[in-house]
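Comments concern the structure below.
The values are calculated or read from the model by the stated rules, or taken from the named source; none is laboratory data. Fair warning: this is a prediction, and the values are worked out from it, not measured in the lab. As a convention, Cβ positions derive from the backbone with ideal geometry for all residues, glycine included, and neighbour counts pool all protein chains shown.
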Amino acid sequence: MRRSRRGFLAVTIAVALVAVSACGDDKKDTGTTGGDNSKVEVFSWWTGAGEQEGLDAMIADFKKKNAGIEFINAAVAGGSGTQARQVLSTRLQASNPPDSYQVHAGKELQSDIADGKVEPVDFLYEREGWKDKMPKGLLDAITVDGKIYSVPVNIHRSNVLWWNPATLQKAGIAAPPKDWKEFLTQATALKAKNITALSIGPAWTQMHLLENVLLGELGVDKYNGLWNGSTDWKAPEVIAALEVFKQILAVSDVKSAAADWQPAIDKIIAGTAAYNVMGDWAAGYLSSAKKLKFKEGFDATASPGTAGVYNFLSDSFTLPKGAPHRGAAEKWLVECGSVEGQDLFNPQKGSIPARTDADKSKYTDYLATALADWQNSSTKIVGSLVHGVVANNSWKAEIETAYGIYAKDGNSAKFAEAVSKAYASVGK
Ligand code: GAL
């Protein structure tokens, strides 16, 4: 009964929306195709080593298939898009959108949909036959009211621990830590050898570490509960996990934190630090940019306490409302959703394809393990905070502000209180 009533309501809302758009001005409606084809301006934050290589590979394929369309790469530097998002927001507010921009699947995109920044792209999914070529859970993360709003190019994993086998050998450590308790024990041995236990970068990398410490300490259900309201941020076990996070930071080089994620990874390569927790774009950096061999120059496993869990995120591209070169933007989105585009991009980028029918043989070394874990039906999939999956933009901004204070005063209870309060006001 309830389900059919919901279905009825959805249909009613959809009909109402169609009626509104039919009466509206001459703006492009859902399902229309074409428009200016002369150039395409694509906005992302993939400029750094290990980020740019993947994008370049996809741009080259796009140019080959679309000779005559000028490609404008409007990438803004800065890991995880902290700078890029500010530039983008200014542009969107000034009604000066690029033709397509990078956004994470999940709540981050859903905020943009609610704010009316993007157009649905179902017509592309239908025309290109994509609907059964992407995992249902991923499509759900980019769908609102039955409409799909972006084209995912990849799946990244947030919960990865990276190290250099030579460093562990030098320190007499046989294997990476299975949980954070073991990590803290290893940290003492590493200190005796003058090796920093963990390298870290700017605030977003610290929050990246934090989400994975919470996941490792609390487990999947309670971690999910942090984002859907069923886990109380102020509960003693959450505070205890935050205290563990502080102990981890205390054995890191946070006082001389690296400027971004790549220089933090460089300390692993150099052997001055033993471990780093970073998303698997680090695999792109280590193998594509630094030309290191998996298992020899670097190694990777699930971050402590998260074996069998995939903390996922996905980069996707949009069709902004008012895209000045809409025809070319569609062609860029077709590139992003194509098997060839994804198979050129992801092996360089350190991610696995969003499409389920991509060429598996292109994913070797670390990426073969990522693909196997992603496709393993017993793997538990959760979503990343820092990379847009589980919190809307308003709540995430509040968490970032609270983290800024926490990074200075180390007051776990106060941080938890602030996050919880923000959830109640803007997070639901
Ligand atoms: C993430 C993004 C990744 C990677 C990373 C570091 O937010 O999804 O593709 O670029 O930032 O910059």
Q) Which of the residues belonging to segment 306-332 are within 16 Å of the ligand (Cβ to nearest atom) and either among the acidic types (Asp, Glu) or under 14 Å from Tyr149 (Cα atoms) (or both)? A) Ser314, Asp315, Ser316, Phe317, Thr318
**Q.** Looking only at segment 376-391, and only at residues there that are assigned to a loop (DSSP other than H, G, I, E, B) and within 16 Å of the ligand (Cβ to nearest atom), the one that is nearest to the chain's Cα centre (by Cα)
**A.** His387
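Out of Arg355, Arg326, I need the residue that is in contact with a strand residue (DSSP E or B) (Cβ under 9 Å, 6 or more places away or on another chain), in contact (Cβ under 8 Å) with a residue 24 or more places away in the chain and charged (D, E, K, R). Which one? Spell out how you get there, then give the answer.
Values: Arg326 fails: in contact with a strand residue (DSSP E or B) (Cβ under 9 Å, 6 or more places away or on another chain).
After ruling out the rest, the residue left standing is Arg355.
Quick check on segment 276-304: of everything there that is among the small types (Gly, Ala, Ser) and more than 27 Å from Asp140 (Cβ to Cβ), which residue is farthest from the ligand (Cβ to nearest atom)?
Filtering segment 276-304 for residues among the small types (Gly, Ala, Ser) gives 279, 282-284, 287-289, 297, 300, 302-303.
Retained after the next criterion (residues that are more than 27 Å from Asp140 (Cβ to Cβ)): 282, 287-289, 297, 300.
Working: Ala282: 9, Ser287: 15, Ser288: 13, Ala289: 13, Gly297: 20, Ala300: 16 Å.
In this case the residue turns out to be Gly297.
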Q: List every residue pair whose Cβ atoms lie under 8 Å apart, where the two residues are 6 or more positions apart in sequence or sit on different chains, the first residue falls within segment 105-122 and is over 17 Å from Lys428 (Cβ atoms), and the second residue, located anywhere, is polar (S, T, N, Q) and at pLDDT below 95.
A: Glu119/Thr30; Pro120/Thr30; Asp122/Thr30
Q: Report, by residue number, each residue of segment 56-92 that is in contact with a Lys or Arg (Cβ under 8 Å, 6 or more places away or on another chain) and closer than 28 Å to Ser111 by Cα.
A: Phe71, Ile72, Leu92
(Q) So, Leu209, is that one crowded, with 22+ Cβ neighbours inside 10 Å, within 30 Å of Lys428 (Cβ to Cβ) and within 16 Å of the ligand (Cβ to nearest atom) or not? (A) yes
Q. What number of residues in segment 237-275 are within 16 Å of the ligand (Cβ to nearest atom) and either surrounded by fewer than 17 Cβ atoms within 10 Å (Cβ to Cβ) or of a type outside the set (A, V, I, L, M) (or both)?
A. 6
(Q) Looking at segment 218-236, I want the residues that are touching a residue at least 60 places away in the same chain (Cβ under 8 Å) and have a partner that is of a type in the set (S, T, N, Q) with Cβ atoms under 6 Å, at least 6 apart or on another chain. Which pairs are those? (A) Trp233/Ser420; Lys234/Ser420
Q: Scan segment 291-318 for residues that are of a type outside the set (Ser, Thr, Tyr), in contact with a strand residue (DSSP E or B) (Cβ under 8 Å, 6 or more places away or on another chain), surrounded by 24 or more Cβ atoms within 10 Å (Cβ to Cβ) and assigned to a loop (DSSP other than H, G, I, E, B) and jot them down.
A: Pro304
Q) What are the pairs, 6+ residues apart or on separate chains, where a residue within segment 381-397 that is of a type outside the set (Phe, Trp, Tyr) and at pLDDT 95 or above has its Cβ under 6 Å from a residue that is part of a loop (DSSP other than H, G, I, E, B) and within 12 Å of the ligand (Cβ to nearest atom)? A) Gly383/Gly106; Gly383/Val389; Ser384/Ser158; Gly388/Gly106; Val389/Gly106; Ala391/Leu385
Q | Filter result for Leu292 (touching a helix residue (DSSP H, G or I) at 6+ places or on another chain (Cβ under 8 Å) and free of Cβ contacts under 8 Å to residues at least 24 places away in the same chain) | A | yes
Q.
Six or more apart or on different chains, Cβ atoms under 8 Å: show the pairs whose first residue is in segment 132-145 and free of Cβ contacts under 8 Å to residues at least 40 places away in the same chain and whose second is buried (at least 18 other Cβ atoms within 10 Å of the Cβ).
A. Leu139/Ile148; Thr143/Tyr149; Val144/Gln110; Val144/Ile113
Q. Do we have Ser288 as at pLDDT below 95, of a type outside the set (A, V, I, L, M) and in a helix (DSSP H, G or I) here?
A. yes
Q.
For the structure I just gave you, tell me whether Pro347 is surrounded by 17 or more Cβ atoms within 10 Å (Cβ to Cβ) and within 16 Å of the ligand (Cβ to nearest atom).
A. yes
Q: Quickly run through segment 348-365 and pick out the residues that are part of a helix (DSSP H, G or I) and small (Gly, Ala, Ser).
A: Ser361
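Out of Tyr423, Tyr366, Tyr406, I need the residue that is of a type in the set (Phe, Trp, Tyr) and either surrounded by fewer than 18 Cβ atoms within 10 Å (Cβ to Cβ) or over 27 Å from Ala282 (Cβ atoms) (or both). Which one?
Details: Tyr366 fails: either surrounded by fewer than 18 Cβ atoms within 10 Å (Cβ to Cβ) or over 27 Å from Ala282 (Cβ atoms) (or both); Tyr406 fails: either surrounded by fewer than 18 Cβ atoms within 10 Å (Cβ to Cβ) or over 27 Å from Ala282 (Cβ atoms) (or both).
Matching residue, one of Tyr423, Tyr366, Tyr406: Tyr423.
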Q.
Quick check on this structure: which one of Ala407, Ala372 is more than 16 Å from the ligand (Cβ to nearest atom), touching a helix residue (DSSP H, G or I) at 6+ places or on another chain (Cβ under 7 Å) and under 23 Å from Val277 (Cα atoms)?
A. Ala407
**Q.** Selected residue (criterion: modelled with the lowest pLDDT) from residues of segment 45-57 that are near the ligand (Cβ under 8 Å from one of its atoms) and surrounded by 21 or more Cβ atoms within 10 Å (Cβ to Cβ)
**A.** Glu51
